[in-house]
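Worksheet for the structure shown next.
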Amino acid sequence: MINLHFFPSRRIAFYTVKLFLTRSLAVLVALVLILMTLDLLGESGKILAVPGNGDAELWQYVALRVPLLTARFLPFSVLLGTLIAFAGLNQHSEVIAMKAAGISAHQILAPLIVASLGIAAVAFAFNETVVVKAARTVTAWNDNDYRPIPPDSDLLSNVWVLVGNDLVRARQVVGQHQQLRATGVSIYDREGGTLRRVIDAERARPAGGAWLLENVRVYDATMNLVRRHDQMTALPGVEPERLTLAKVDPDQLDFFTLKQRIEQMERAGRHTEEARAGLWHKISSPLSTLLMPLLAAVAAFGLARSGQVLLRATVGMALGFAYFVADNFSLAMGNVGAYPPLLAAWAPFVLFLLIGETVLIRSEE
């Protein structure tokens with residue numbers, strides 16, 4: 001008699017979900033520990049080279065990088081955790097016992113899909129509240145060569161703006177509108193492709209339709225001399241929004257802030273393809289955990305019952321990694337405007353959902 005319920009029994013559902021969650025968590029912890037160790041080995045020298053930095057700054061770097069690594073490798077961990085769980089179920093003939101009891105492949109996968117949906121919701125909330133702040137802070141800290149940076153939620157780093165023929169760089173930008181403050185400002189005054197002056201200012205702020213520079217050093221390339229000023233006015237007509245919209249990184253902004261920046265960019269006549277692709281990818285990326293049980297199901301199910309668990313697990317791993325490659329490629333194409341933003345974010349998800357479902361139906365149902 002065929003079981004027509006969408007889920008298997010409660011005992012089987014809890015058993016498979018427990019295997020799925022524990023294996024995925026174990027893989028995630030192992031991956032983060034290994035990658036964090038390698039990352040810290042590469043960056044510790046740069047951090048400790050700054051006078052005043054010590055063990056506290058190393059632990060601060062670890063605290064900032066761990067959320068980023070966790071968010072990035074969570075789908076990988078779910079894929080590998082599912083493969084490990086399914087390989088164990090297959091090897092001990094538990095899948096055969098379930099199917100002999102009238103439980104279909106979709107019913108075996110249903111509890112894992114629901115658990116993956118919960119993981120996706122937690123991952124989205126984690127990205128919005130923790131990861132974007134950590135990404136913004138660690139990027140600004142890295143761009144400042146691991147010297148102290150102001151603790152501000154609106155912090156941007158390494159901002160470049162083209163003003164006419166002149167190039168403007170700000171190491172750090174904090175605030176919005178007239179409250180915006182920039183530090184480490186460099187203005188490359190060019191005329192006809194030739195550099196005339198380099199203006200370096202310790203701080204800058206909007207003032208009367210221009211910018212007031214403080215503690216200024218001016219290098220005159222035509223006369224080969226350096227002048228110093230306590231204050232000077234520069235960049236007339238450059239609005240503060242030019243700096244805040246010059247660098248819109250979806251990885252450093254939460255969903256609603258990024259949506260507001262996109263609206264501001266549209267009003268300013270700026271291209272928004274990259275930002276829009278990143279906006280939709282904030283939803284499709286956590287939801288990729290839903291695909292992992294489906295793509296890894298080949299490790300538990302298949303036409304051949306010859307005990308080739310390792311081969312089927314390898315096929316499942318190849319399908320999962322093919323999805324990540326396709327997702328990165330599609331997002332890159334969306335960033336350059338080759339794909340529409342909605343297609344760039346969702347096409348790999350829909351494609352591999354159909355692939356996984358087709359393989360499962362043709363082999364098992």
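Each value in this text was obtained by applying a stated rule to the coordinates, not by laboratory testing. These numbers come from a predicted model, not from an experiment. Counting neighbours? That spans all protein chains shown, and the Cβs are built from the backbone with ideal geometry, glycine included.
For the reader, a short list of remarks on this structure follows.
- Listed residues Gly209, Gln172, Ser330: farthest to the positive end of the dipole of the chain (Cβ charges): Ser330
- Two-site FRET efficiency, Met223 against Gln176, from Cβ-Cβ distance with R₀ of 35 Å, rounded to 0.05: 0.35
- Between 0 and 90 degrees, the angle of helix 105-126 with respect to the longest Cα principal axis of the chain falls at about 20 degrees.
- Equivalent-ellipsoid semi-axes for the range 156-247 (Cα gyration tensor, √(5λ), whole Å, largest first): 21, 15, 11.
- Label-point gap, in nm, between Thr314 and Leu354 - each point 7 angstrom along Cα→Cβ: 2.9
- Kirkwood hydrodynamic radius of the range 1-64, from the reciprocal of the average inverse Cα-Cα distance over all distinct pairs: 15.4 Å.
- Taking each residue as 0.36 nm, the span from Glu214 to Ala100 lengthens on full extension beyond its C-alpha to C-alpha distance by 33.2 nm.
- Calculated P(r) tail over 16 Å for the range 132-207, as whole % of Cα pairs: 53
- Contour minus Cα-Cα distance for Gln60 and Glu263 (0.36 nm per residue): 69.7 nm
- The chain: angle of helix 255-267 to the longest principal axis, Cα-based, in degrees nearest 10: 50
- The slack in the chain from Thr233 to Val163, taken as 0.36 nm per residue of separation less the alpha-carbon distance, amounts to 23.7 nm.
- Since only Met232, Gly45, Ser77 are under comparison, the one whose Cα sits farthest along the positive direction of the charge dipole of the chain, derived from C-beta charges on Lys, Arg, Asp and Glu, is Ser77.
- Lysine pairs in the chain with Cα atoms under 18 Å, if 8 or more residues apart or on separate chains: 6
- Tail fraction, Cα-Cα pairs, the range 321-365, threshold 18 Å, whole percent: 35
- Put a dot 7 Å past the Cα of Val114, heading toward its Cβ, do the same for Ser186, and the two dots end up 5.8 nm apart.
- Rg and Dmax of the range 46-108, Cα atoms only, in Å: 22.0, 68
- Alpha-carbon Debye profile of the range 1-132, log10 I(q)/I(0) at 0.10, 0.19, 0.20 Å⁻¹: -0.46, -1.04, -1.11
- Taking Cα centre as origin and charging only the Cβ of basic (Lys, Arg, +1) and acidic (Asp, Glu, -1) residues, the dipole magnitude of the range 156-247 rounds to 180 debye.
- Taking only the Cα atoms of the chain, the ratio Rg/Rh comes out at 1.11, with Rh defined as the Kirkwood radius.
- Overall, the ratio between the Cα radius of gyration of the range 176-316 and 2.2 N^0.38 Å, rounded to two decimals, is 1.81.
- Rounded to 0.05, the FRET efficiency of the Ile361 and Leu48 pair, given R0 = 56 Å and the Cβ-Cβ distance, is 0.50.
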